[in-house]
Amino acid sequence: MSAARSKSPLLKVAHFLANPEVFFYTAIWLIVLLVFGTVDQKYIGLHLSQEKYFSSWFVWGIFPGGRLTMTVMFLNLVCKLIFNSPIRWSRAGTLVTHSGMLLLLLGGFFTAYFSNEGSMPIPEGQTSSYYMDYHELEFAVIDKSPEDHDAVVAFSQNYIKEGSVISDPDFPFTISVKTFYRNRVLVQRDTPLTDGYHGLAQRFDIKTQKLENEFERNRAAVVLDIRGLDDEKDGTYALDQFMLVPQTLKAGGKDYVIELRNKRYQLPFALEVIDFKRKLHPGTQMASHYSSLVNVVDGEYKREVLISMNEPLRNLDYTFYQASFGIDDTGETTVLAVVQNAGRNFPYIASVIMCIGLLFHLILQVPKMVVRSKRA
Amino acid sequence: MKISRFILFLLLIMLPLCFGGCSEEPSIQKYKVSKTPLPSSYESGLTPNSKGEVVDTGLPFTWVVPAGWEPGKASSMRLASYIIPLSTGETGDFSLVRLGGAAGGVLANINRWRGQIGLADAEIEEVAEFSHMHTTAQGKQFLHATLINEANPDRAILGAIFEEAEFLLFAKLNASAAGVEEANESFEAFCNSINFK
């Protein structure tokens, strides 16, 4: 081992990374990030704070962000476990504890990259099979011409940026993104622009404004140049994230709808809201309790479940919480918060492994303690 | 032993790197969404489409559907529902709803509409600034309100409230500011046509 240590640069790095001091300093740095992230949350909001301090590789330009710090911590544990932990019976507890910690960090990576969160509003009596991301956007081109379905082509948020070109063989026009606004204000034009301007762009000028602390309150908009439409309708269009009525286009004799919207995640099953109930605190309009009776519809199979404030529905990798509701003259709408996290069991398993490891370590120390006490 | 350790090391450190590599790529998703089946209330003809003719659904009032209006999204709350195609490319959403008793009062309902388009509540003395009383062909008075969110002009409402002894009748049209301006004439035509039996 010592020969390899002196020859291979990779092994030298591995042994350096295996130093327990690396874990010590990264753990302290994580605490620093946690403090700054928590304080800054007041000024920039929860989402941006999370992005800036914990989901980033670097913070303040050159300092390691949460993601880099945890990656170094992970490498430290891997190197320590593999290159600097002699496999001996007396160290079994430590090895098991380290493995548990590694699993916890792996679960963290898994959750960071593969979990999704969003909301799912469903009017009473209706069925839905998708939920919407709280923050991430998408650009959707929907072919409405098929009789029995809508054909959706959804472009991820990376496409919604200045200079980006959106095209696909499934639709005969090309969309160029002229300007993207993450938070916009619409200003009505004194006189509508008619020459090459259509829809919202004809009547409204769009200006950018400061991002809101509560990120969900930002209203995105995009100005587009669209070519290849029927009836000389090529020109400048604008889309707003919360357009009451989506922009329709005609191309190749077909009707299309284009939308700038919160990213939608399709579920492998559907939820049908049978009944939404709420109880109010006496004499007030404040809800004391609300619940949704839903059918989980999976093909021909239906399962009735009651989702209430403290009793979520868990199905496959998805958890549905009763989050909110809305009432207007179209009826009642339940709003469920949806969390999809394939790695949700990692923390539980890792905690159990770490507990077993520590317990084992303590038990293995007992004979040594007995010997020491006899000597004393 | 050394080689197996090294392979294990590589495998473990590759895992988070793989995660990082597969998350930020631009992606295009294609899928099909079934067109929503029509609710049973629609199929039973709750929202008739007899343009220009008096519509009598057994309710204590009748109405006439203006030209160009199409049957819209039905729900258990809506007595009638229409979509109104507009020249701007958008469509307006019209609903007719009846609520028993005073239903919280006219002001509370106007403020509920204002809240739906992001406007602050209005005081009773401010109501005249965006509404006026109108008289139907039958001679019935109703309140006609035009609510526009100047800061967000794609959200606007035309509303009409008829006060009857046992219920309030609400006609509401959702569209953009330009949309409600364009649809105002046909909206008034609908309200004027309401005839209490």
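Bear in mind that the values in this text are calculations on the coordinates, not laboratory data. In this text the structure is predicted, and so the values were computed from the model without any measurement. Positions of Cβ are backbone-derived with ideal geometry, glycine not excepted, and every protein chain shown enters the neighbour counts.
Of the chymotrypsin sites (Phe, Trp or Tyr not before Pro) in region B:100-197, not one is in a loop by DSSP (not H, G, I, E or B) with at most 14 other beta carbons within 10 Å.
Taking Cα atoms only, the orientation of helix A:346-375 departs from the longest principal axis of chain A by about 10 degrees. The GluC sites (Glu not before Pro) of region B:135-197 meeting both criteria, a DSSP state outside H, G, I, E and B (loop) and at most 13 other C-beta atoms within 10 angstrom of the site's C-beta, are B:Glu150, B:Glu164, B:Glu166.
Applying the criteria of a DSSP loop state and at most 12 other Cβ atoms within 10 Å to the trypsin sites (Lys or Arg not before Pro) of region A:76-151 yields A:Arg88.
What's the angle, to the nearest 10 degrees (0 to 90), between helix A:66-83's Cα axis and the longest principal axis of chain A? With rounding to tens, the tilt is 30 degrees.
The residues packed around A:Gln209, meaning those with a beta-carbon under 10 Å from its beta-carbon, carry a net charge of +4 if Lys and Arg are +1 and Asp and Glu are -1.
For the protein assembly as shown, a crude dipole built from +1 on the beta carbon of Lys and Arg and -1 on the beta carbon of Asp and Glu, taken about the Cα centre, is about 4680 debye to the nearest 20.
Exceedance of the 25 Å cut-off in Cα-Cα distance is limited, within the set A:Lys263/B:Lys32; A:Lys161/B:Lys30; A:Lys233/B:Lys35; A:Lys42/A:Lys277; A:Lys210/B:Lys30, to A:Lys233/B:Lys35; A:Lys42/A:Lys277; A:Lys210/B:Lys30. About its Cα centre, region A:132-265 has a charge dipole of approximately 560 debye under the convention of +1 per Lys or Arg Cβ and -1 per Asp or Glu Cβ, with nothing else charged. Using the Cβ of B:Asp121 as centre and a radius below 14 Å, the other residues enclosed give a net charge of -2, where K and R count +1 and D and E count -1.
Take each residue in B:143-152, count the other chain C-beta atoms within 10 Å of its C-beta, and the mean is 2. Reported to the nearest whole Å, the Cα centre-to-centre distance from region A:198-254 to region B:127-152 is 30.
Note on chain A: helix-only mean residue ellipticity at 222 nm, from DSSP H runs of 4+ residues weighted -39500 (n - 2.57) and normalised by residue number, equals -10500 deg cm²/dmol. To the nearest ten degrees, helix A:92-114 and the longest principal axis of the Cα atoms of chain A are 10 degrees apart. For the peptide A:147-160, the mean number of other protein chain Cβ atoms found within 10 angstrom of a residue's Cβ is 4. Residues B:Ser95, A:Ser288 in ascending order of nearby Cβ atoms (within 10 Å, fewest first): A:Ser288, B:Ser95. In terms of other Cβ atoms within 10 Å, B:Ser34, A:Ser164, A:Ser373 run from fewest to most in the order A:Ser373, B:Ser34, A:Ser164. Short-range pairs are left out: with C-alpha atoms under 8 Å and at least six residues apart, the relative contact order of region B:46-196 is 24 percent. Once the convex hull of all Cα atoms in the protein assembly as shown is built, its volume per residue stands at 233 Å³.
Ranked by how many other Cβ atoms sit within 10 Å of their own Cβ, fewest first, the residues A:Leu75, B:Leu107, A:Leu48, A:Leu224 fall in the order B:Leu107, A:Leu48, A:Leu75, A:Leu224.
Identify, among B:Phe61, B:Gln116, B:His134, the residue whose Cα sits farthest towards the positive end of the charge dipole of region B:46-196, taking +1 on the Cβ of Lys and Arg and -1 on the Cβ of Asp and Glu, with the dipole about the Cα centre. In region B:46-196, that residue is B:Phe61. Placing +1 on each Lys and Arg Cβ and -1 on each Asp and Glu Cβ, with no other charges, gives region A:261-315 a dipole about its Cα centre of roughly 320 debye. Report the relative contact order of region A:132-265, percent, no decimals, based on alpha-carbon pairs under 8 angstrom and at least 6 residues apart. Computed value for region A:132-265: 31 percent relative contact order.
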